[in-house]
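Report on the following structure.
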Amino acid sequence: MHIMTVFHNRSFNRTRAFARFTLGLCAGMMAITSAVGEARTKEKADTVAPSTAAAIAVRPVDRHGQLRVKGRYVVDKTGKPVSLAGMSLFWSSTGWGQEKMFNAKAIKFLAEDWRVSMIRVPLGIERDGGYLVDPEANKKRVLTVIDAAIDNGLYVTIDWHSHHAEDTPDAAEAFFIEMAQKYGKYPHVIYNVYNEPLNTSDWSTAVKPYSERIIRAIRKHDPDNIIVIGTPTWSQDVDIATADPIKIDPNIVYSLHFYAAKHKQELRDRAQKTIDRGFPLWIDEMGTVLHTADGDVDYEETRKWLDLVRKNKLSFNNWAVSDKAEGASILKPGGSPTGGWTDKDLTPSGLLMRDVVRNWPNPVPIKPR
Ligand code: MG
């Protein structure tokens, strides 16, 4: 079996363990060549291996590098399709108290314990103390998370978390220019220019022209990072958007959101048909519960969705790193804002998605714990 096949058949966890083992082996061999006695050899191997292993632990961006679109796939620096498993934070705005999660410790814990490969950072725009009324505070929270994600070698999606972005294109354009100037050189960064257009926003006359304007603005400063494009009806109408596709840039993906207890086979069929027509989709937000972000986990439909995501090598972010009292939150109310969560802190959705994300892309049992 080819060595890469071995890698892909095992969990990322095991890949890391294998890297550490290999490094330990190398350190051990180096020690053997330089040491005079068996005892001394052992001492050297023991002291060298752990620190060096930590330094080369395989972090997602170290492993995959600059992403780009190739046909229906997002591929990594080697040209291979990449499938990232991420967590979305909640709105950066203050209406729900979840801005407390926008800190470096939470991101580090998600990187190390949940083993996320991506973080999504929703910049709240219109509602409840959002960017339009309090730009500096919201931007500061978002920058904290972007910097923490980069420090941990994670991909990070900067999400214009709006339902009405075409109404304030000047603000979006200025924001994304600033982000592209600051972060365009980092392969970590992904831009989502429009979280969820409503079902009243027409693709061809409103969402598409808005998106093209923001793409052009970003590209003046960052020629290559992936740009996620929201699609009408809360980012479900990927079929409608791709019937009149954006042609001004090769590195764009179309956003598909699903909430498993609400969106089922009909949406999966539309998604698959769009993929089969050759378009790259991107699950910038998904939930295991209802589209209201509340209700019980729908295990059966979540399993069917994750099968589709895995089969097509799509990437996803799970909603949400939050302790708000609702089904989509990964934490029960009162969960620490700075990580350190154990099973007793997690909701049913949190328990399930930690297992899914930690082991991605390998399948895990999708059932109650
Ligand atoms: Mg770039």
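The values are calculated or read from the model by the stated rules, or taken from the named source; none is laboratory data. No experiment lies behind these values; they were computed from the predicted model shown. Backbone-built Cβ (ideal geometry, glycine too); neighbour counts: all protein chains shown. The area values use the complete protein model at the heavy-atom level, side chains included, leaving out ligands, DNA and RNA. Shrake-Rupley method; radii C 1.70, N 1.55, O 1.52, S 1.80 Å.
Things to note:
- By accessible area, using a 1.4 Å probe on protein heavy atoms only, region 50-175 has 52% of its surface on carbon and sulfur.
- Förster radius 25 Å - calculated FRET efficiency between VAL58 and SER336 (Cβ-Cβ, nearest 0.05): 0.35
- Compactness of region 225-333, expressed as Rg and Dmax over alpha-carbon positions, Å: 14.1, 45
- Distant alpha-carbon pairs in region 110-235 (separation over 17 angstrom), percent: 55
- The string of couplings for region 204-214 from the Karplus curve (6.51, -1.76, 1.60, θ = phi - 60°) is 5, 9, 10, 6, 5, x, 4, 4, 5, 4, 6 Hz, one whole number per residue in order, with x for Gly and Pro.
- One decimal place: the segment GLU136-HIS221 gains 28.4 nm when fully extended, by the rule 0.36 nm per residue minus the C-alpha distance.
- Accessible area per residue for region 197-355, computed on protein heavy atoms with a 1.4 Å probe, is 37 Å².
- Members of LYS185/LYS344; LYS80/LYS100; LYS70/LYS185; LYS185/LYS273 lying beyond 30 Å, as alpha-carbon distances in this model show: LYS185/LYS344; LYS80/LYS100; LYS185/LYS273
- For ILE229, distant residues with modelled amide H under 5 Å away: VAL253, TYR254, SER255
- log10 of Debye I(q)/I(0), alpha-carbon scatterers only, for region 209-254 at 0.21, 0.33 Å⁻¹: -0.69, -1.33
- Here the spin labels are modelled as points 7 Å beyond Cα on the Cα-Cβ line, and at ASP294 and ARG369 they lie 2.4 nm apart.
- Residues LYS304 and ASP113, FRET efficiency given R0 of 45 Å [Cβ-Cβ distance, rounded to 0.05]: 0.95
- The slack in the chain from ALA243 to LYS324, taken as 0.36 nm per residue of separation less the alpha-carbon distance, amounts to 25.4 nm.
- Between ASP151 and ASP202, residue separation times 0.36 nm minus the direct Cα-Cα distance comes to 14.5 nm.
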